[in-house]
Amino acid sequence: MSIVVFVSNTKGKINKAGLEAICYAADVAKDSGDSVTAVTAGSVEGDGGAGAYGASKLLVGASVNHSDSTQVTNMVNAVISDEGANMIVTSHDNDGKQVAPRLAAKLNCGIVTGVTGLPDTSSGFTVKKNVFSGKAIAQVSISSDKKILAILPNSHGLHEQGGSAEVSAWTGDAGAASVTVKEVKVQESSVVPLPEAELVVSAGRGMKGPENWGMIEELATELGATTACSRPVADIGWRPHHEHVGQTGVAIRPNLYIAVGISGAIQHLAGVNGSKKIVVVNTDPEAPFFKAADYGIIGDAFEVVPKLVAAAKAFNASK
Ligand SMILES: Cc1cc2nc3c(=O)[nH]c(=O)nc-3n(C[C@H](O)[C@H](O)[C@H](O)COP(=O)(O)OP(=O)(O)OC[C@H]3O[C@@H](n4cnc5c(N)ncnc54)[C@H](O)[C@@H]3O)c2cc1C
């Protein structure tokens, strides 16, 4: 039997969150003895990296509109039926959030979204997920035969397992289009998108104004990091909204999160407390963020950040 993994792709490449979902399924399959079949809407180059992360097969629905969740759901549903799969895995990213609940309704089966760990099958089938803005962990059991798991991005990690996937075209009927795409605009950027970033430099109201963001951008450039910000900073227009992280913004789990002049309110922490290492720069020793920090610098951003930039420049020059 196979585990079916729905992955999305951009410009012919499977997204990092999708590769992580494949990795997760491959790790489950090591115990269950299943194989992993990935399925994607829209064309990909080669196997898109699916094989390297553990898929033995990649089905490509080149004519399926990836913006049309109904069509994508129909395609994945057909693949589940063809493969006789009982486990369906996807990422809890934007596309996974559209498709996974629709599949659960169609299949009338149990679903857990935001999964953060491999299943415990010692007694039934239980997985972990974060709840209450990451303040607690829930253990959720699924009792239906078919099970859908949507994996929280960056919670499982990527590890290459070698191999390449056999690529086949999916030529089934995904039904009539319910969405017409008139134009696709892909934002060209050399910077890693925030949800996929391993290194993030973020700043808040402590920066006093948008004119002071130069040093934050400079630090990010030297580190090869992506910039982020707290919500009020985006709300008052100092930074673009797509940089806002937290409960109501983007949820990230980078390897390193540097927070400058951010108080560390619970709603902000909800989106960043899965970061592997957190560095906080704040003038207030009582700032709540220090409780979540791995490294804290009590100091003025306008003195500390230029020193960090200089240190990063010196390090880069020495390489
Ligand atoms: C329903 C709801 C949802 C929300 N969702 C989000 C969310 O998704 N994301 C989010 O970020 N917020 C969210 N908020 C807002 C959140 O509660 C906080 O108000 C917000 O995170 C505070 O932003 P801040 O830390 O930039 O600003 P402030 O709270 O004003 O903190 C600024 C910090 O900078 C420090 N500082 C000042 N000067 C300097 C200096 N020179 N050098 C270094 N440090 C300095 C201060 O000591 C302070 O700790 C939400 C609120 C609600 C009610």
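Table for the structure above
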{"quantity": "Span from the segment 100-156 Cα centroid across to the segment 180-250 one, whole angstrom", "calculated": "30"}
{"quantity": "Of the GluC sites (Glu not before Pro) in segment 185-253, those whose Cβ has at most 13 other Cβ within 10 Å and which sit in DSSP loop", "calculated": "GLU188"}
{"quantity": "Distance (nanometres) between label positions extended 7 Å along Cα→Cβ at VAL179 and GLU196", "calculated": "1.8"}
{"quantity": "Förster radius 30 Å - calculated FRET efficiency between LYS13 and ALA136 (Cβ-Cβ, nearest 0.05)", "calculated": "0.25"}
{"quantity": "Reachable lysines, given that their alpha-carbon falls under 21 Å from the alpha-carbon of LYS185 and they are not under 8 places away in the same chain", "calculated": "LYS11, LYS13, LYS16"}
{"quantity": "R0 of 41 Å, Cβ-Cβ distance SER123-ILE236: FRET efficiency to nearest 0.05", "calculated": "0.20"}
{"quantity": "Between 0 and 90°, nearest 10: helix 301-318 axis offset from the chain longest Cα axis", "calculated": "70"}
{"quantity": "DSSP-defined beta bridges in segment 1-70 - what % are antiparallel, rounded to 5", "calculated": "15"}
{"quantity": "Segment 2-169 - percent relative contact order, Cα under 8 Å, separation 6 or more", "calculated": "29"}
{"quantity": "FRET efficiency for LEU158 and PHE315, using Cβ-Cβ distance with R0 set to 22 Å, rounded to 0.05", "calculated": "0.30"}
{"quantity": "Paramagnetic reach from ASP294 in segment 250-285 [backbone N under 18 Å; point 7 Å along Cα→Cβ]", "calculated": "252-260, 269-282"}
{"quantity": "Reachable lysines, given that their alpha-carbon falls under 21 Å from the alpha-carbon of LYS208 and they are not under 8 places away in the same chain", "calculated": "LYS307"}
{"quantity": "Ordering of 280-291, 13-24 by burial proxy (mean other Cβ atoms within 10 Å per residue, highest first)", "calculated": "13-24, 280-291"}
{"quantity": "Bridge type composition, the chain - antiparallel percent by DSSP, nearest 5", "calculated": "15"}
{"quantity": "Where a label projected 7 Å from the Cα of ASP31 along Cα→Cβ would reach, residues of segment 137-174 with amide N under 12 Å", "calculated": "none"}
{"quantity": "Within segment 1-123, percent of DSSP bridges classed antiparallel, to nearest 5", "calculated": "10"}
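Every number in this text was worked out from the coordinates using simple rules, so none of it is lab data. Note that this is a predicted model, so its numbers are computed, not measured. Methodologically, a virtual Cβ is constructed for each residue, glycine included, from the backbone with ideal geometry; neighbour enumeration extends over all protein chains shown.
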